[in-house]
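The values are calculated or read from the model by the stated rules, or taken from the named source; none is laboratory data. Everything numeric in this text was worked out from a predicted model, so none of it was measured. Using ideal geometry, Cβ is built from the backbone for each residue, glycine included, and neighbour counts are taken over all protein chains shown.
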Amino acid sequence: MAPRASLDRSKRPKAGPLPKIVLPAFKRFRLSNGLTVLTVRHDDMPEVSARLVLPFGAYEDARQHAGTGLLTARALTEGTAERSAGEVAEWLDYLGARFSLDVDHDATVVSLHFLTQVMDGAFDLLAEVVARPAFDAAEVGRLRDERLDEIASGLDEPRIVASLRLGEATFGSHPYGMRAGGVEETVREIDADVLSDFHSRFYRPSGATLILVGDVPEPDELEARLEDAFGTWHGDPDPATEVEEPEAIEERRLWAVPWPGPQSEIRLGGIGIARLDPDYYATLIMNAIFGGLFSSRINMNLREDKGWTYGVSSRFDARRRSGPFFVATAVDAAVSADAVDEIIGEMQRMKSEPPGDEEMELAVNAVTLSLPRLFETVDQVSGRIAHQVVYGLPDDYWETYVDRFRAVTAADVQRVAGRFLDSDRSAVVVVGPVEGFRAQLEDLGPLQIRDIHGRPADA
C-alpha cells in the first residue's frame, strides 16, 4: 500500500476555479398600465418566485409618521375591498403560497412564492392586495399595537439599543438616522388615514417592476394572464423625494447609555458609501480585511489576541446615498474603553499598513467564490434581480461581478480605507455599566450620556 502523501497544514489550500454565473437573459415587457415585467425561466421545479419592486421606501415617510411605509406594507394582507383579513388568509392557505415583505429606506418589495399550477390565482391575489387594500381601522390599530410592542421589546435588548443609538449619532436628523419601522412616538400617531394616503401616493404600477423567476410561460401568454390580473390597477406615483447626501461628521461623537450587567455593547460607525459609487467594490474588499471576515484584523485583535469578545465585525450598508458603516461587538464591561481604543487603532492601521497578498487573496475569494450559492433557488435569483432593479444595475451585472472584485488592488484598498475609516469623524456608542469606565471613555473625547431612547440623560 502506497504511503499517504503528507499535508503541509501551515499553508492554505489553493482556491478552486473562479465561479462563472450565467443567468438566462431577461425577457422584459410592459403591461398597458405601465407595470414593467422581468421574467427568467428556471423550470427545474414547478414553482415561481414573484417580487413586486416599488421604487420607494422608508425615505418617503413623513418624519412625524416614521414607520408608515412598513405598516402600509404589513396592512396589504389585512383585508381588501373585496375580502376580509380572514378571507385573504384563507386564500393564501388555499393557494399554498408564501407571502413576505421587505421595506427599507430605498424600496418596498412584496414577494409571493407559489406553485405553477396556481399561477393565475396567485397573480389575482397579488394584484388585489397591492392595488385594493381596505385599511380597516381595527386592523390598522392592531398592526400599530404589534409594531409598538416590537419597538418596546427591542429596547430590552442592549444590542438593539446600541445599534439604534448609533444610527442617530451618525446621521442626526437625516432619514437614514431613523429606523425604517419608526419609533414609539412616530408609530403611535399612525392611523388608517395615514396608511391610505401613503398607499394612494406611491402604490402605483408606473415605475414598479414585477420580477417572475421559475416555471413561467412564454411572454405572449404570460402578458395576457398578467393583464387579466393587474389591468385594473392604474396611475402614476408621486415624484420620489430627492435623497439628500448625509452631512459628514465633523468630530468624534461619543455616546454612552447606562445599562446594568457584566458586558457592554459597542458600536462604532460613520458615513459609508452609496451603492453606485465607483469605490463600492474596493470598499467591500477593504471591509472584508478590516472586519468582514472571521480572519479580519479587528477580530484577530479583539477575539484571538485579546480574548475580549466572542466576535467583532464591520459592515458597509450601501444605499442610494451614503449609508452607514459600523463596527459591532460585545465585550466584558471592564475593557469597554480599551476595546474602543483598539478598534480605533485598527482603523488607523488599515490606512497606514496596506494589505498583504494573502489578505487580498482571502478577501477576494471570500467575496467571489461563494457567488454560485446566491443563485441556487428561484427566490435567490429573484432577490438578486430585485437588487439590480432597486439600484439601476445593468442586466449583465452578476456576470461581471467577479471581474469587478478581481480588479481591486491593494492600493485601492488602502485608498478607500483612507476615505472611510476616519476615527476622528466617527460616532461611538457604548451601552453598559458606564460609571465603571466613564473616566476612560472621556479620554477618547467629549462624552454624552443618553438614555435608551437617545435622550440626554446627564445633568
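Just one residue in the set SER336, SER322 is in a loop (DSSP other than H, G, I, E, B) and buried (at least 20 other Cβ atoms within 10 Å of the Cβ); that residue is SER322.
Candidates are the residues of region 330-354 that are acidic (Asp, Glu) and over 24 Å from PRO158 (Cα atoms); the one that is nearest to the chain's Cα centre (by Cα) is GLU346. Scanning region 218-231 for residues that are modelled with pLDDT of 95 or more and not acidic (Asp, Glu) returns LEU222, ALA224, ARG225, LEU226, ALA229, PHE230.
Just need a number here: residues in region 24-40 that are surrounded by fewer than 19 Cβ atoms within 10 Å (Cβ to Cβ) and under 19 Å from TYR397 (Cβ atoms). So the count comes out to 6.
Consider ASN287 carefully, then state whether it is of a type in the set (S, T, N, Q), in a helix (DSSP H, G or I) and surrounded by 22 or more Cβ atoms within 10 Å (Cβ to Cβ). Considered against the rule, which asks whether it is of a type in the set (S, T, N, Q), in a helix (DSSP H, G or I) and surrounded by 22 or more Cβ atoms within 10 Å (Cβ to Cβ), ASN287 comes out as yes. Quick one: would you say SER313 is of a type in the set (S, T, N, Q), free of Cβ contacts under 8 Å to residues at least 24 places away in the same chain and closer than 30 Å to THR400 by Cβ? When the stated conditions are applied, SER313 passes them.
Restricting attention to region 201-221 and to residues that are buried (at least 18 other Cβ atoms within 10 Å of the Cβ) and of a type outside the set (A, V, I, L, M, F, W, C), the residue that is farthest from the chain's Cα centre (by Cα) turns out to be ASP215. Restricted to region 58-140, the set of helices (runs of 4 or more DSSP H) holding at least 1 residues that are surrounded by fewer than 23 Cβ atoms within 10 Å (Cβ to Cβ) and in contact (Cβ under 8 Å) with a residue 60 or more places away in the chain comprises 68-74, 119-131.
Residue under question is ARG303, and the condition is that it be assigned to a helix (DSSP H, G or I), basic (Lys, Arg) and farther than 15 Å from HIS105 by Cβ; does it hold? Yes; evaluated as a whole, the condition is true for this residue.
For beta carbons closer than 9 Å, sequence separation of 6+ or different chains, a first residue in region 387-408 that is touching a residue at least 40 places away in the same chain (Cβ under 8 Å) and more than 17 Å from ARG275 (Cβ to Cβ) and a second that is outside any loop (DSSP other than H, G, I, E, B) and hydroxyl-bearing (Ser, Thr, Tyr), the qualifying pairs are VAL402/THR368; ARG406/THR368; ALA407/TYR281.
Only one of VAL183, VAL187 is more than 30 Å from VAL37 (Cα to Cα), crowded, with 22+ Cβ neighbours inside 10 Å and touching a helix residue (DSSP H, G or I) at 6+ places or on another chain (Cβ under 8 Å). Can you tell me which? Break it down stepwise before answering.
Details: VAL183 fails: crowded, with 22+ Cβ neighbours inside 10 Å.
So the residue among VAL183, VAL187 that is more than 30 Å from VAL37 (Cα to Cα), crowded, with 22+ Cβ neighbours inside 10 Å and touching a helix residue (DSSP H, G or I) at 6+ places or on another chain (Cβ under 8 Å) is VAL187.
Scan ARG144, ARG165 and give me the residue that is modelled with pLDDT of 95 or more, among the charged types (D, E, K, R) and within 30 Å of ALA81 (Cβ to Cβ). That would be ARG144, the only listed residue that is modelled with pLDDT of 95 or more, among the charged types (D, E, K, R) and within 30 Å of ALA81 (Cβ to Cβ).
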